[in-house]
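Enquirer: I am attaching a structure below and will ask some questions about it afterwards.
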Amino acid sequence: MQIEIIEEVKHGLIAPQGGQANHKTNRKAILEDYPVLKAFLAGSFSGTFSTVLFQPLDLVKTRLQNPTTTVINGRHGALSMVAIFTNILQQEHVRGLWRGMMPSLTRCVPGVGLYFCSVDYIKTHNFPDKTPSPLESVAIGMIARCMSGAALIPITVVKTRVESGVYGYQGIGDALKEIYRTEGIRGMTCGLVPTLFRDAPFSGLYLMFYTQAKLMIPEEMWNTPYASPIHFTCGVSAGILASVVTQPADVLKTKMQLYPTKFNGLWSVVVYVHGKYGMQGYFKGMVPRMLRRTLMAAMAWTVYEQMSTALGLK
C-alpha cells in the first residue's frame, strides 16, 4: 500500500498532506532516495538470471585453467573445452555442470546489484544532464567494479576453489571457516589484485563500449519491440572486446586462489605461467570465459535496462 501511495505521489496522481510545498519536497526525496535501491534490486535480479544460466561456462573455464584436476584417457595437459565439458557430464552428470552454483550466486547476485547501484549513483550525481564520455564511462565502470569486487573477494576465492574440484568444502560457511583457520586474512583475500586487474578494466571497457554502441542506434529504435535485442547485441559486442583484453588477469587470479602457498605474489605467478605454458598460457580458458562474460553481461544489462524502465529509473 505504501509503495502504491509513493508511486501515485511521484507521478502527481494525488497530493501529499501539507499542500503544494510538501508535494515538491516529498517528490524530490522519493526521487533521490529510492533510485539507488531500485538499481540494486534490478541489478540483483539480472545477476541471478544470468549467473544460473551461464554457470557451466565458468566451470569449464576454471577447469581449463587448472588442467591438473582433470584427467581424460589417462592424461593431463592441454584439454579442449569440449573434452572437459564431456568429461564433466560423464563423471558428474548434468548437475556437475552447475558445481559451485551457490558461491557463484552468493558472489554475483549482491555483486551485480552493488555494481549497477554504484553505476547508477555515480552517473546520476555526476552526469545528471549528459551522457558520459568514453573515458568517463571507463572510470565509472572501474570504480563501481572495484567497490563490489573488493567487498566480495572472500566469496570469489571460495567460488574458484569449489569449481576447480581441488577442494572438498561442505558449503560456503565451511569453506570460509577453513580458509580463515588455515590461511588467515591473506587466504580470504587471495588473488584480490589480479581480480581487480581483471574486473575493473573489464567493467570499465565494457561500459565504454556498451555506451558508445548504444549511441550509434537511432533514438526512435528504443521505443520499438526491437529494444531488447538491440540492448543484447550492444552488450555482446562490448563483452567480446573487454574479455580479450582482461583474459591474462583471469588466469593469474585463478592460479593464485587455487594455490596460495605456491606463489609469493603476482609476479611469481606471471613467471610461472610464462615458464610453463608460454604466452598462450595467459589465454587459457578464454573461449568459455569470453562466452560466459559476454553473454552474462549482455543478458544482465538487457534485463537491467528493462527493469529500470519498469521501476521508473528511466
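Bear in mind that the values in this text are calculations on the coordinates, not laboratory data. Because the structure is a prediction, the values reported are computed rather than measured. Positions of Cβ are backbone-derived with ideal geometry, glycine not excepted, and every protein chain shown enters the neighbour counts.
Enquirer: For the residue pair Lys262 and Arg95, what label-to-label distance in nm results when each label sits 7 Å from Cα along the Cα-to-beta-carbon direction?
Expert: With each label placed 7 Å out from Cα toward Cβ, I get 3.0 nm.
Enquirer: Still on this structure, I have one more. Would you mind counting up the charge near Leu291? Only other residues with Cβ under 15 Å from its Cβ, with Lys and Arg at +1 and Asp and Glu at -1.
Expert: So the surrounding residues net to +4.
Enquirer: A further question follows. If the label point is 7 Å along Cα→Cβ of Phe127, which residues in segment 208-231 have backbone nitrogen under 17 Å from it?
Expert: So the set is 208-217.
Enquirer: Return a single number: how many Lys pairs in segment 187-314, at a sequence separation of 8 or more or on separate chains, have alpha-carbon atoms below 23 angstrom apart.
Expert: Step by step, the pairs that qualify in segment 187-314 add up to 9.
Enquirer: Taking 7 Å along the Cα-to-C-beta vector as the label spot, tell me the Leu135-Leu215 distance in nanometres, rounded to one decimal.
Expert: For Leu135 paired with Leu215, the spin-label model returns 1.4 nm.
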